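Structure, as structure tokens:
The values are calculated or read from the model by the stated rules, or taken from the named source; none is laboratory data. What you see is a predicted model, and the numbers here were worked out from it, not measured in a lab. We place every Cβ from the backbone using ideal geometry, glycine too, and count neighbours over all the protein chains shown.
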Amino acid sequence: MCQQKKLSDDLDDWLTALPEKHKKILQALQKKENFPELWAKYANVMQARYTKPDEYKKELSLARNIAIQAWQCDQQNTLVREQMEWAFSKQIPRWHYPLVQDDARNGVYRKALEQVVTSESIVFEIGTGSGILAMMAARAGAKHVYTCEMYPLVAAAARKNILNNGLADRITVIEKSSYDIKLGIDLPRSPDIFVAEIVDNSVLGEHVLPIMEDVWSRLLNEKTLVLPHIVMARGVLVGGDYWCRHARMGVVDGFDLSAFNVYAPSESAFTVEGQCLSHALSEPETLISFDFSGQQDYPAIDHEIVLIANSSGKVDGILRWMQLDFPEGIRFNNAPPRLSAWRPTLHFFPEPVEVKKGDEIKLRVAHDRKSLDISRVL
Ligand SMILES: C[S@@+](CC[C@H](N)C(=O)[O-])C[C@H]1O[C@@H](n2cnc3c(N)ncnc32)[C@H](O)[C@@H]1O
């Protein structure tokens with residue numbers, strides 16, 4: 001049953017090293033032909049069963065290990081996969097799949113790399129993922145690309161992709177968090193080019209700010225070119241049914257459903273369709289901007305900005321998207337109507353506001369280094 005026979009010795013070693021109570025059960029289950037399924041179910045029960053808080057973390061990591069071993073023993077088995085999906089979810093979020101197929105995103109990274117990479121370039125990337133950006137840098141002609149990935153399963157798949165694309169001699173995948181990368185050990189010297197894509201819908205959710213502070217303080221030098229060097233959040237005032245149906249209820253099929261709005265989210269990220277910015281009520285403005293081109297600290301910020309209505313109407317909130325700036329004026333944004341793997345986010349005001357052309361709407365824009373908060377100042 002175990003598809004990768006080579007695993008068998010490793011599997012026995014791994015089993016032997018397990019705590020006694022789990023070892024006995026797994027060894028008994030191993031006698032059955034469908035043992036990968038049974039192991040995956042066992043791991044699933046373990047992770048769902050809350051033991052004492054101090055033991056929980058250890059048990060959870062053990063359960064994850066058992067689930068992954070079960071999957072390695074029978075990778076084609078859908079039942080195993082269903083039972084252990086949770087074990088993958090932290091390391092391998094599903095957004096990897098749409099992300100690498102966002103042609104506009106890929107296009108700007110490719111173009112930026114092709115503009116700056118030379119045959120002398122040492123490139124360093126944080127966050128290998130599938131390996132796509134590291135391979136773009138190598139294809140653009142870099143002398144060598146060093147790329148680090150904190151999740152072992154992701155790093156393993158990236159290594160295979162890189163090998164399958166004939167680039168293994170020019171790309172080194174370092175299976176480490178960026179915080180553990182050492183100059184002179186993992187990286188031969190400060191890179192000429194640093195590239196990363198560690199931003200999410202909410203801009204800061206992948207902890208880009210502390211990561212950039214850390215790489216600038218230890219790994220980059222004043223000559224390193226950073227791609228992208230500016231990351232910003234931009235937005236416009238919006239209102240109307242198109243936006244509200246994502247997170248509010250009104251009269252539907254003749255019924256007033258608005259009592260449900262007590263649970264309505266204060267923000268919602270969604271996929272946009274069509275020319276939906278045609279009814280924006282202000283010009284796009286920069287809400288907040290981060291410059292990664294040199295060493296800087298990024299303390300938490302709490303400030304106010306003003307948006308001016310450019311037409312009259314009802315404003316329900318502010319629609320925010322992301323913009324990445326690269327040298328030579330190369331730019332990416334996911335402003336509607338562009339469809340992107342990154343989804344714009346609508347920050348709803350507690351109550352809609354009627355505005356006339358020229359009215360000012362004051363907004364509070366704050367971040368705590370991990371998340372961005374945008375609200376109306378009343
Ligand atoms: C948004 S994905 C981008 C993947 C790939 N570079 C791409 O553009 O498709 C970010 C990747 O960075 C990894 N990552 C995030 N923070 C990291 C860190 N501090 N050190 C190493 N890897 C990190 C994540 O596990 C994930 O695989």
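Of the residues making up segment 15-40, just one is of a type in the set (Asp, Glu), surrounded by fewer than 16 Cβ atoms within 10 Å (Cβ to Cβ) and in a helix (DSSP H, G or I), namely Glu20.
Tally time: how many residues in segment 147-172 are more than 9 Å from the ligand (Cβ to nearest atom) and in a strand (DSSP E or B)?
So the answer is 2.
Considering Glu351, Glu273, Glu304, Glu328, which residue is surrounded by fewer than 19 Cβ atoms within 10 Å (Cβ to Cβ), more than 30 Å from Pro98 (Cα to Cα), at pLDDT below 95 and of a type in the set (Asp, Glu)?
Numbers: Glu273 fails: more than 30 Å from Pro98 (Cα to Cα); Glu304 fails: at pLDDT below 95; Glu328 fails: more than 30 Å from Pro98 (Cα to Cα).
Result of the check over Glu351, Glu273, Glu304, Glu328: Glu351.
Here is a check on your reading of the model: is Leu113 in contact (Cβ under 8 Å) with a residue 40 or more places away in the chain and assigned to a loop (DSSP other than H, G, I, E, B)? So Leu113 does not fit the description; no.
Looking across segment 133-147, the residues that are out of contact with any Phe, Trp or Tyr (no Cβ under 8 Å at 6 or more places or on another chain) and either surrounded by fewer than 24 Cβ atoms within 10 Å (Cβ to Cβ) or farther than 21 Å from Leu163 by Cα (or both) come down to Met135, Arg139, Ala140, Gly141, Lys143, His144. Residues in segment 207-263 that are in contact (Cβ under 8 Å) with a residue 60 or more places away in the chain and of a type in the set (Phe, Trp, Tyr): 2 in all.
The set of residues in segment 62-89 that are within 16 Å of the ligand (Cβ to nearest atom) and either polar (S, T, N, Q) or at pLDDT below 90 (or both) comprises Ala87, Phe88, Ser89.
If only residues of segment 90-113 that are surrounded by 13 or more Cβ atoms within 10 Å (Cβ to Cβ) and of a type in the set (Lys, Arg) are counted, the one that is farthest from the ligand (Cβ to nearest atom) is Lys111. In segment 173-188, the residues that are modelled with pLDDT of 95 or more and more than 13 Å from the ligand (Cβ to nearest atom) reach residues that are part of a helix (DSSP H, G or I) and not hydrophobic (A, V, I, L, M, F, W, C) with C-beta atoms within less than 9 angstrom, at least six apart or across chains, in these pairs: Lys182/Arg218; Leu183/Arg218.
Could you tell me whether segment 309-316 includes any residue that is charged (D, E, K, R) and more than 24 Å from Asp359 (Cβ to Cβ)? No, segment 309-316 contains no residue that is charged (D, E, K, R) and more than 24 Å from Asp359 (Cβ to Cβ).
Restricting attention to segment 189-211, the residues being in contact with a strand residue (DSSP E or B) (Cβ under 8 Å, 6 or more places away or on another chain), outside any loop (DSSP other than H, G, I, E, B) and within 13 Å of the ligand (Cβ to nearest atom) number 6. Residues in segment 358-373 that are part of a strand (DSSP E or B), surrounded by fewer than 17 Cβ atoms within 10 Å (Cβ to Cβ) and in contact (Cβ under 8 Å) with a residue 40 or more places away in the chain: Glu360, Lys362, Arg364, Ala366. When residues in segment 279-301 are screened for being exposed (fewer than 15 other Cβ atoms within 10 Å of the Cβ) and under 16 Å from Ser202 (Cα atoms), 4 of them pass.
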